[in-house]
Amino acid sequence: MDRLEPKLVTVFGGAGFVGTQIVQLLARNGHRVRVAVRRPNLAGQVKMFGSVGQVQPIQANVRNLASVQHAVRGADLVINLVGVGHSSGAQTFEAVHVDGAANVAKAAKAAGATALVHMSALGVDKAAEVSQYAASKLAGEAAVLEAFPDAVIMRPSILFGQGDGFFNLMGALSRMFPVLPLIGGDTLFQPAYVGDVAEAFVMAAEGKVKTGRIYELGGPQIETYRQLMERVQRETARKRPMLPLPAGIAKMMALPFAILPFKPLITADQVDLLGVDNVVSDVAIKDKRSFAAFGIAPVAMDTILPTYMYRYRKYGQFDRDNAPAPIL
């Protein structure tokens, strides 16, 4: 394929689940990549995604404007993937999703970057009234577009793929517990494949779609939370009964996690999020602000989940031959 002139791209959060996919695509397209992370000494693996010297980790914290300015100095393109699932210490929703997003946008504009792609989340406009996470993401979008009007905002649904945070967690729970809690069982979701989302991000950074717009990225299948849990059980060859939990009880169960010194399994805010549908809006479809804008035919869960969910079966990889065949 025709390659664009190599650019210098700064990717904030480039060592994470989505970021590593994006960095590999950028390197494959010939770009030089700075992977901006809080702890570059723990992100050495990103150097292997390109040729010698093509990909380099650099220290930056979106809460610290000076470090952000240093990370984007001389960058042609900027991508911000930084987000937190729960507030903890200095890493609050406001500090990361709003102030941090604004820092990146302002610094990118001042540095003369020609493109900024910012990660938000699908459904935040609908969930902002009930969820602090969603409200902060929505406010972050506004802050980005105010500072960098030509930015591209991406709202992906929950993601699947090797190393994802949702299906792997559900698989682990199905292996550990005899009963699975079901919160918001009728809520609709539209999971997207991480490879498709990464491709869309790179295309947006390279100027292949209209800028100053918000794109909603969802996969080809819409399923309820209950159906997703049933899918997990099929992939893991488990038959765990599911226990529906009212939101009030689920929030009470989440309270102890708020005071424990490790990442919570679920928070009260996430319980509220599970009550709001997470699908691409009709307006986005009509305006072609979905995968269609990128010419991407999104991959189905049936194709990808069997390639890694077998690990949660009783005998792990030795049960792989009995896993459901991918639907091609």
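What tally of residues in region 216-250 results from selecting those that are more than 19 Å from the chain's Cα centre (by Cα) and in contact (Cβ under 8 Å) with a residue 60 or more places away in the chain?
Going residue by residue through region 216-250, those that are more than 19 Å from the chain's Cα centre (by Cα) are 224, 226-227, 229-250.
Remaining after also requiring in contact (Cβ under 8 Å) with a residue 60 or more places away in the chain: 231-232, 234-238, 240-245, 247, 250.
Result for region 216-250: 15.
Does Pro181 satisfy being at pLDDT below 95, over 20 Å from Val84 (Cα atoms) and more than 14 Å from the chain's Cα centre (by Cα)? Don't jump to the end; show me each part of the working.
Numbers: at pLDDT below 95: yes; over 20 Å from Val84 (Cα atoms): yes; more than 14 Å from the chain's Cα centre (by Cα): yes.
Yes: the conditions hold for Pro181.
Residue by residue, here is whether (1) surrounded by fewer than 18 Cβ atoms within 10 Å (Cβ to Cβ); (2) more than 15 Å from Ile158 (Cα to Cα); (3) touching a helix residue (DSSP H, G or I) at 6+ places or on another chain (Cβ under 6 Å) holds:
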site	(1), (2), (3)
Pro220	yes, no, no
Thr224	yes, no, no
Pro241	yes, yes, no
Asp269	no, yes, yes
Asn278	no, no, no
Asp282	yes, yes, no
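Among the numbered criteria (1) more than 12 Å from the chain's Cα centre (by Cα); (2) outside any loop (DSSP other than H, G, I, E, B), which single criterion is violated by Met154?
In the conditions (1) more than 12 Å from the chain's Cα centre (by Cα); (2) outside any loop (DSSP other than H, G, I, E, B), Met154 misses (1) alone.
In region 275-307, which residues are of a type in the set (A, V, I, L, M), assigned to a loop (DSSP other than H, G, I, E, B) and closer than 16 Å to Ala121 by Cα?
First pass over region 275-307, keeping only residues of a type in the set (A, V, I, L, M): 276, 279-280, 283-285, 292-293, 296-297, 299-301, 304-305.
Checking which are assigned to a loop (DSSP other than H, G, I, E, B) leaves us with 276, 279-280, 296-297, 299-300.
Val276, Val279, Val280 - these are the residues of region 275-307 that are of a type in the set (A, V, I, L, M), assigned to a loop (DSSP other than H, G, I, E, B) and closer than 16 Å to Ala121 by Cα.
Table: residues versus (1) among the basic types (Lys, Arg); (2) touching a strand residue (DSSP E or B) at 6+ places or on another chain (Cβ under 7 Å).
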site	(1), (2)
Ser120	no, yes
Lys126	yes, no
Ser131	no, no
Ala151	no, yes
Met154	no, yes
Leu159	no, yes
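What do you reckon, is Gly163 surrounded by 22 or more Cβ atoms within 10 Å (Cβ to Cβ) and closer than 30 Å to Glu230 by Cβ?
Working: surrounded by 22 or more Cβ atoms within 10 Å (Cβ to Cβ): no; closer than 30 Å to Glu230 by Cβ: yes.
Taking the combined requirement at face value, the residue does not satisfy it.
Condition check: in contact with a strand residue (DSSP E or B) (Cβ under 9 Å, 6 or more places away or on another chain) and closer than 27 Å to Pro191 by Cα. Does Val82 satisfy that? I'd like the intermediate steps shown before the answer.
Values: in contact with a strand residue (DSSP E or B) (Cβ under 9 Å, 6 or more places away or on another chain): yes; closer than 27 Å to Pro191 by Cα: yes.
Spelling it out, Val82 is indeed in contact with a strand residue (DSSP E or B) (Cβ under 9 Å, 6 or more places away or on another chain) and closer than 27 Å to Pro191 by Cα.
Let me confirm something: among Val197, Val232, which residue is over 21 Å from Val18 (Cα atoms), modelled with pLDDT of 95 or more and either in a helix (DSSP H, G or I) or in contact with a Lys or Arg (Cβ under 8 Å, 6 or more places away or on another chain) (or both)? Walk me through it before giving the result.
On the way: Val197 fails: over 21 Å from Val18 (Cα atoms).
Just a single option satisfies the conditions, and that option is Val232.
Could you list, in sequence order, the residues of region 63-80 that are crowded, with 17+ Cβ neighbours inside 10 Å and either among the hydrophobic types (A, V, I, L, M, F, W, C) or modelled with pLDDT under 95 (or both)?
Selection gives Val68, Ala71, Val72, Ala75, Leu77, Val78, Ile79.
Considering only residues of region 41-62 that are over 24 Å from Val144 (Cα atoms) and of a type in the set (S, T, N, Q), which is surrounded by the fewest Cβ atoms within 10 Å (Cβ to Cβ)? Steps first, answer last, please.
Pass one, region 41-62, residues over 24 Å from Val144 (Cα atoms): 41-56.
Next, only the ones that are of a type in the set (S, T, N, Q) stay: 41, 45, 51, 54, 56.
On the way: Asn41: 8, Gln45: 12, Ser51: 10, Gln54: 16, Gln56: 14.
It comes out as Asn41.
Looking at (1) surrounded by 15 or more Cβ atoms within 10 Å (Cβ to Cβ); (2) β-branched (Val, Ile, Thr); (3) at pLDDT below 90, which is the one condition that is false for Ile259?
(1)
Report, by residue number, each residue of region 136-166 that is under 24 Å from Val194 (Cα atoms) and without any contact (Cβ under 8 Å) to a residue 24 or more places away in the chain.
Leu138
Starting from region 86-109, take each residue that is surrounded by 24 or more Cβ atoms within 10 Å (Cβ to Cβ) and β-branched (Val, Ile, Thr) and list its partners that are modelled with pLDDT of 95 or more and in a loop (DSSP other than H, G, I, E, B), counting only C-beta distances under 8 angstrom and pairs at least six apart or across chains.
These pairs meet every condition: Val104/Val62; Val104/Val82.
The values are calculated or read from the model by the stated rules, or taken from the named source; none is laboratory data. The structure displayed is predicted, hence computed values, not measured ones. Every residue, glycine as well, gets a Cβ built from its backbone with ideal geometry; the counts of neighbours run over all protein chains shown.
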